[in-house]
Each structure stands twice: as structure tokens, then as C-alpha cells.
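Structure first, then comments.
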Amino acid sequence: MAAPRVLHAPDPKRPGASRLPWIIQDGRRIRIGAAAELRRAYGRLLRDYRRTRFVVPCPGGALRLGERPFIMGILNITPDSFSDGGRYLEPRRAVAAGLAMREADILDVGGESSRPGAESVPAAEERRRVVPVIRALARRGRLVSIDTCKAEVAQAAFAAGARLLNDVSALGDPAMGRVAARAGVPVILMHMRGTPRTMQEEPVYGDVVAEIVEFFSERMGRALSAGISRDRILLDPGIGFGKRLEHNLEILRRLEEFRSLGRPIVLGTSRKSFIGLVLGRGVEERRDGTAATVAVGVLRGAAILRVHDVREMSDVARMADRLR
């Protein structure tokens, strides 16, 4: 059961006043009719906010998150990703790159770019890119996640040995929830406004963090309805996905607020354009800026950091964790 988000319905008979509060919980809108129920709702909210450690079941074992930061290494098998597009299209080269990320706890393999303006890739082509690499890495004992929003690709990836799902569409494919539930894998639900092709077309928010929290509540409800257990859900606020510079900075400043949902936070800031806007740096010169965001993420509760520069960001995360 997801932590509740408390809302107040306006009372049309008394301007400026409100009726009894409502909560949004696991995608459902529930009216609270008594003070005791309200206390219980806030109690659950506080309990979830205080939680720092999680045991996330996955095929063959479990992820024990919160004892230390986990590092997720990015392995893009695409010709057009914003940072490393085209480097690892040949499977042997991609496998070697994955094995070289020795400090990575998880290798996140993707066959479709999600950079702003990116076009969708046919599922067959995406499968062709990722399946051989996932199979080879899994056979070598690496923990692999599949970065896809297509149920067909996810199913093939799980058969090849992937044990996590990283879905930038947060179960946008109606079949994805059922596929993930059958596989018994942890699922990272990410917030995105629109699609990669359209997400940066005038993104507007009233309160970016509050709106993402409400989105997560709805998508957690969708996941539960599909049969995905709550203890397998992770949340990524989607830095750079349908957000302006000020939205990304606000999310990082208020990252702890997502802890109220009671699930592990995944943070992906690596080399992204908002860092370039702040520092005036090109993609290949954003490592130090990324390091600052990784440190802030660890100090504010992120359980998994998704990065390109695995060795360097592993050091940053370890040092920030000791300071925390």
C-alpha cells in the first residue's frame, strides 16, 4: 500500500474553506471521515518517510537497498543516445564495456535512446540490440536491468537473464505490468511528461514535486493492479524528462519528499543537459557537475544512482554516504 498523499476538497458553500480531506493512495481517491483516520494516514506517511532500508525481491535473490548507495552503470546499445550513442553497437564491444564497469552493482542495458527528440525504435530492432548483450553479461554473473518501455522487449530481456525493469514510461505499455509481474522482477517507475520526442515541448508545472508524487501514486496503483508487489516497486523522478532547468534543480533540492511514498528512490542525473546549462559545459565535460548531483542525491536519500562514469561516481557515492 503506497503512502497517502493528502488533499483537501474545496467547499463551494464556504469560499476559502474546505471539506473533509481526501487521500490519494495506490491510485485511489479516498475520503477521510474522522480525525482518527486522518491520524492513521499521517502516521503511515511519517513511517514511510522515515524508512531508509529496503529488501527488494528479484529473481535469484534480493536487493538490500539503503545499507549503502547502489551504482547502476549505463550501457546504451544505440546509435543516437545523447552521451555514448554509437560506441557499443557491436555486441562484443558492449559486453566488454559492461564487464569493465566493475564497481557497478547493476548494469542498465538499453536499445532505444530516450534523449529529447528521439524517435521510437521498432521492438524487433530493440530486441536484436539488447538480447545478446544481456545474455552474455548475465552468464558472467552480472546483475542486469533492461531499460525499455516495450513489453515485448522486456519479455525477451527477462528470458535472456535480465532481472530488473527500468521503464521510463512507468508502465505506459498496457501489457508491461503483466509481463513484469510474471517475471517477478523489480520495476523502476520513472516520471516523464509526454514522450522522449515531445517531452521538452514547453513543460509546465505548478509544483513539480507534488505533481510527480501524485503521478507516482497513480502508477503504483497501476502496478499493484497488474500483480506487481509493492516491495518490488522503485521510483525515479525523471531528471531531464519533460523538465526545465528550474524543475530539475527543484527536484534535487526536495528529493527527500519522495521518501514519503515509502519506496526506494532511483536518481539519474549523469551528464544531463541541466548540468551543462548551469556550468556551460559540453556532454563530455559534465563529470564534475554530475559528481555534485550524485553527492546531493546520496545525502537526500537516493538508493540507486544511475551513471556513466561508474568508478568515479562510485567513489563520490561512497564518500557522500560516509558523510551522511
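For the reader, a short list of remarks on this structure follows.
- Cβ pairs under 9 Å, 6+ apart, first in segment 52-67 and at positive phi, second in a strand (DSSP E or B): Gly66/Phe54; Gly66/Ala303
- Near pairs, Cβ below 9 angstrom, 6+ apart or cross-chain, from segment 268-291 (closer than 20 Å to Leu255 by Cβ) to any residue that is of a type in the set (Val, Ile, Thr) and assigned to a loop (DSSP other than H, G, I, E, B): Gly268/Ile239; Thr269/Ile239; Lys272/Ile239; Phe274/Ile239; Ile275/Thr269; Gly289/Thr269; Thr290/Thr269
- Checklist (1) crowded, with 23+ Cβ neighbours inside 10 Å; (2) touching a Pro at 6+ places or on another chain (Cβ under 6 Å) applied to Gln200, failing item: (1)
- Count of segment 101-134 residues, restricted to those that are part of a helix (DSSP H, G or I) and under 21 Å from Pro57 (Cα atoms), is 1.
- Gly194 passes every criterion in (1) of a type in the set (Gly, Ala, Ser); (2) at pLDDT below 95; (3) under 22 Å from Cys58 (Cβ atoms) apart from (3).
- Residues in segment 239-267 that are touching a residue at least 24 places away in the same chain (Cβ under 8 Å) and in a helix (DSSP H, G or I): 14 in all.
- Leading residue by the ranking (surrounded by the fewest Cβ atoms within 10 Å (Cβ to Cβ)) among those in segment 137-147 that are touching a Lys or Arg at 6+ places or on another chain (Cβ under 9 Å) and either at pLDDT below 95 or outside any strand (DSSP E or B) (or both): Ala138
- When segment 60-93 is limited to residues that are in contact with a helix residue (DSSP H, G or I) (Cβ under 7 Å, 6 or more places away or on another chain) and at pLDDT 95 or above, the one that is farthest from Arg324 (Cα to Cα) turns out to be Leu75.
- Taken as a whole, the structure places Leu255 among residues that are surrounded by fewer than 24 Cβ atoms within 10 Å (Cβ to Cβ) and touching a Gly at 6+ places or on another chain (Cβ under 7 Å).
The values are calculated or read from the model by the stated rules, or taken from the named source; none is laboratory data. Quick caveat, the model's predicted, so the values are computed rather than measured. Note that each Cβ is placed from the backbone with ideal geometry, even for glycine, and that neighbours are counted across all protein chains shown.
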